[in-house]
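Scroll down for the structure; my scribbles are underneath it.
Computed from the coordinates by the stated procedures, all read-outs in this text should not be read as laboratory data. Computed from a predicted structure; not experimentally measured. For neighbour counting, all protein chains shown are included, and Cβ atoms are generated from backbone atoms with ideal geometry for every residue, glycine included.
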Amino acid sequence: MNALKLTQTITGLLADQKGLLAMDESISTCNKRLAEAGIAQTEENRRSYRQLLIKTPGLKENISGIILFDETIRQRDDEDVPLINTIIKSGIIPGIKVDLGTQELAGFTGERITEGLDGLRERLNEYASMGARFAKWRAVITIGKELPSRNCVEANTNALARYAALCQESGLVPIVEPEVMMTGNHTTNVCFETTRYVLENLFDQLYLQGIALEGMILKPNMILPGLDRKEKKSAASLAENTIRCLLESVPAAVPGIAFLSGGQSEKQATKMLNALQIMAGDRLPWTLTFSFGRALQHTALQIWKGKEENTIFAQQELQHRATCNHAANMGLYDGTTEKRE
Ligand code: 13P
């Protein structure tokens, strides 16, 4: 394992309080988002849309890393340059989602297991040769009646740890994402207990598989009530819960924690990030940052609508959300940050 290489990538990703843009939706998820915005679900539209995001002027002022999907890492821009090279040239670090999505977990109704370990070593080596410097694997944990099961959590965290070991072997920084889903009507407290259980289990597995904790980034959910729960809690109180949960379960050797947005609205996710940074102050052993998908892209995609003439306005919107999240990542976000010049 090349520890220096991993550290250099992590230092770049966590530099200057910038964050990550997750644009690694699978073909089916990307198609779903295109359909919601009234855009035809074609390979060309997926390519154009990803090119639009990557070529947003000034993106690197706020974004340190971009997570790609397999289809995108093989696509080229309008000038016939591989999109990954365009990212590297712009001064942003490219990464790649390497899991193959989730399937129903046999014998455990309502639960899912993430697939993709078979042949992963070869795929990681190929991605590294194309220029990727980090990878991502997402496990999905659902809260429900008597869920998650112990088996679901252990099967998923074991897969995450085996993925992380293979990444470190190939010189790619593993972003380890155990997402406890927001779907459902659970309380904040249930989210807290479930997330802590998952994280404790995860770090047991990472330890068993011999992962160098200083060579990985954790990508967790924030501690929030279920989407169907009408629970009114302030961002400060939710941030307090989130920090307490992480302090109780994430070893100090981990250098960075990059939150997913998980179905929060764009402004809600930015507000939470800001509250987290304010609550954190300088008492945390790790750097906190963001790795948002929907919370960076949602409005930009609605503005684009698949039309060339809207490209510049969609890019302005992405740059605006990236600026707001960068401000929030310094605890400097307020109503005035949302105002356009
Ligand atoms: P969201 O921010 O939309 O949750 O996406 C982040 C991500 O990478 C999910 O795997």
Ranked from fewest to most other Cβ atoms within 10 Å of their own Cβ, 13, 105 fall in the order 105, 13
Check residue 105: other-chain or 5+ apart residues with amide H under 5 Å from its amide H, H built from backbone geometry? 111, 112, 113
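Roughly how large, in nm² to one decimal, is the mean projection of the convex hull of the alpha-carbon atoms in the range 1-105?
Working: hull surface 35.0 nm².
Taking the Cα atoms of the range 1-105, their convex hull projects to 8.7 nm² on average.
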Work out, step by step, the length gained on full extension between residue 74 and residue 29: first 0.36 nm times the residue separation, then minus their alpha carbon distance; give nm to one decimal. 14.4 nm
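For the range 141-256, what is the charge dipole size about the Cα centre, in debye to the nearest 20, if Lys and Arg each add +1 at the Cβ and Asp and Glu each add -1 at the Cβ? Numbers along the way, then the final one.
Details: 10 positive and 13 negative charges, 77 e Å.
The calculated dipole for the range 141-256 is roughly 380 debye.
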Give the order of 172, 117 when sorted by the count of other beta carbons within 10 angstrom, beginning with the fewest. 117, 172
How large is the direction-averaged shadow of the alpha-carbon convex hull of the chain, in nm²? 16.3
Let me understand the range 57-198 better: what is its radius of gyration from the alpha carbons, and its Dmax, in angstrom? 17.3, 53
Enumerate the residues in the range 264-290 having an amide nitrogen under 19 Å from the point lying 7 Å beyond the Cα of residue 302 toward its Cβ. 264-272
Positive minus negative residues near residue 173 (Lys, Arg vs Asp, Glu; Cβ under 9 Å): +2
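If we count other beta carbons within 10 Å of each Cβ, what is the order of 49, 197, fewest first?
Working: 49 24, 197 16.
By the 10 Å Cβ count, ascending: 197, 49.
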When the dipole is taken about the Cα centre of the chain, and only Lys, Arg (+1) and Asp, Glu (-1) are charged at their Cβ, what size is it in debye, to the nearest 20? 540
If I histogram all Cα-Cα distances within the range 96-160 using bins 5 Å wide from 0, what percent of pairs lands in each bin? 4, 17, 26, 19, 13, 9, 7, 4, 1
Loop-located trypsin sites (Lys or Arg not before Pro) in the range 218-274 whose Cβ has at most 10 other Cβ within 10 Å (DSSP): 230, 232
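Starting from the alpha-carbon convex hull of the range 197-276, give the projected area averaged over all orientations, in nm². Walk me through the numbers before you get to the answer.
Numbers: hull surface 22.6 nm².
Averaging across all directions leaves 5.7 nm² for the Cα convex hull.
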Can you work out ³J(HN,Hα) from phi for every residue in the range 50-67, in order, using Karplus 6.51 cos²θ - 1.76 cosθ + 1.60 and θ = phi - 60°, giving whole Hz and x for Gly and Pro? 5, 5, 4, 4, 4, 8, 4, x, x, 3, 6, 5, 10, 10, 9, x, 10, 9
Per residue of the range 17-24, in order, report the coupling 6.51 cos²θ - 1.76 cosθ + 1.60 (Karplus, θ = phi - 60°) as ³J(HN,Hα) in whole Hz, putting x for Gly and Pro. 6, 7, x, 10, 9, 8, 10, 10
How long are the semi-axes of the equivalent ellipsoid of the range 263-341, defined as square roots of 5 times the Cα gyration tensor eigenvalues? Whole Å, largest first. 27, 12, 9
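Which FRET efficiency value, to the nearest 0.05, is calculated for residue 334 and residue 109 with the Förster distance at 45 angstrom and r the Cβ-Cβ distance? Kindly include the intermediate steps, with their values, before the conclusion.
Numbers: r = 45 Å, r/R0 = 1.00.
After rounding to 0.05, the efficiency reads 0.50.
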From the Cα trace of the range 130-263, what convex hull volume per residue do you get, rounded to a whole Å³? 103
Suppose the chain between residue 8 and residue 214 were pulled fully straight at 0.36 nm per residue; how much longer would it get relative to their current alpha carbon spacing? 73.0 nm
